[in-house]
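*Asks:* The structure is given below, and queries will be raised subsequently.
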Amino acid sequence: MKIAIYPGSFDPVTKGHMDIITRAAALFDRLIVLVASNVMKRDCLFSAGERIELLRRCCGGMPNVTVDCDEGLIAEYARRVGATAIVKGLRAMSDFDYEFQQALTNRQLNSRVETIFLAASGESMYLSSSMVKQVCALGGDVSSFVPPEALPEILSRMRG
Ligand code: ADP
């Protein structure tokens, strides 16, 4: 049983995240989408609980995908659940330096875990959660950036 973790802040989930989730779910027996709840320290639009709820709704049709949350080290979480891979999405070279540092650190912390990078698809190459928030805050249409299951909550949270 090959278990992978896909960690992130998912504030909010985008079609770019869903693309990575769909492709990673096809590569592993089980994929755990892990909401990093410690990013509450940053300015978050949704609480960790709400982010989990939105992700669960979006991943509802994928039987080998589960959603969890953790505030500790990903390497420790991986050890606890027996995961052997951490999946990351790479958009541009700008993601690379930070992700590479994290991958090396996680392998140092848990030598059984490999980080697997999936290249973003062309359409979501420039898509990020913060871009969605910016466009939405300025009244733009974000329906092509986020999964339809999450759109109503995002609109009502952003626009009140
Ligand atoms: P963001 O950087 O948008 O705030 P997260 O911290 O939630 O997103 O990102 C979680 C993971 O998903 C990271 O590995 C990130 O590189 C990847 N990711 C984010 N957006 C995309 C996208 N549009 N296409 C592919 N991967 C993405």
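*Asks:* From the list 97, 29, 68, which residue is over 25 Å from residue 155 (Cβ atoms), charged (D, E, K, R), in contact with a Leu (Cβ under 8 Å, 6 or more places away or on another chain) and open to solvent by 40 Å² or more (accessible area, probe 1.4 Å)?
*Replies:* Going through 97, 29, 68 in turn, just one is over 25 Å from residue 155 (Cβ atoms), charged (D, E, K, R), in contact with a Leu (Cβ under 8 Å, 6 or more places away or on another chain) and open to solvent by 40 Å² or more (accessible area, probe 1.4 Å): 68.
*Asks:* In this structure, does residue 8 turn out to be surrounded by fewer than 16 Cβ atoms within 10 Å (Cβ to Cβ) and closer than 13 Å to residue 68 by Cα?
*Replies:* It is false that residue 8 is surrounded by fewer than 16 Cβ atoms within 10 Å (Cβ to Cβ) and closer than 13 Å to residue 68 by Cα.
Residues are listed down the side, and each one gets a yes or a no for (1) over 11 Å from the mean Cα position of the chain (by Cα); (2) of a type outside the set (S, T, N, Q):
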{"site": "7", "(1), (2)": "no, yes"}
{"site": "15", "(1), (2)": "no, yes"}
{"site": "22", "(1), (2)": "yes, no"}
{"site": "25", "(1), (2)": "yes, yes"}
{"site": "28", "(1), (2)": "yes, yes"}
{"site": "33", "(1), (2)": "no, yes"}
{"site": "36", "(1), (2)": "no, yes"}
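*Asks:* I'm trying to understand the selection: among the residues of the range 6-21, which are in contact with a Pro (Cβ under 7 Å, 6 or more places away or on another chain) and either closer than 12 Å to residue 48 by Cα or not in a helix (DSSP H, G or I) (or both)?
*Replies:* 13
The values are calculated or read from the model by the stated rules, or taken from the named source; none is laboratory data. Everything quoted here is computed from the prediction, not taken from an experiment. Positions of Cβ are backbone-derived with ideal geometry, glycine not excepted, and every protein chain shown enters the neighbour counts. Just the protein is used for accessible areas: all its heavy atoms, side chains included, with ligands, DNA and RNA removed. Shrake-Rupley method; radii C 1.70, N 1.55, O 1.52, S 1.80 Å.
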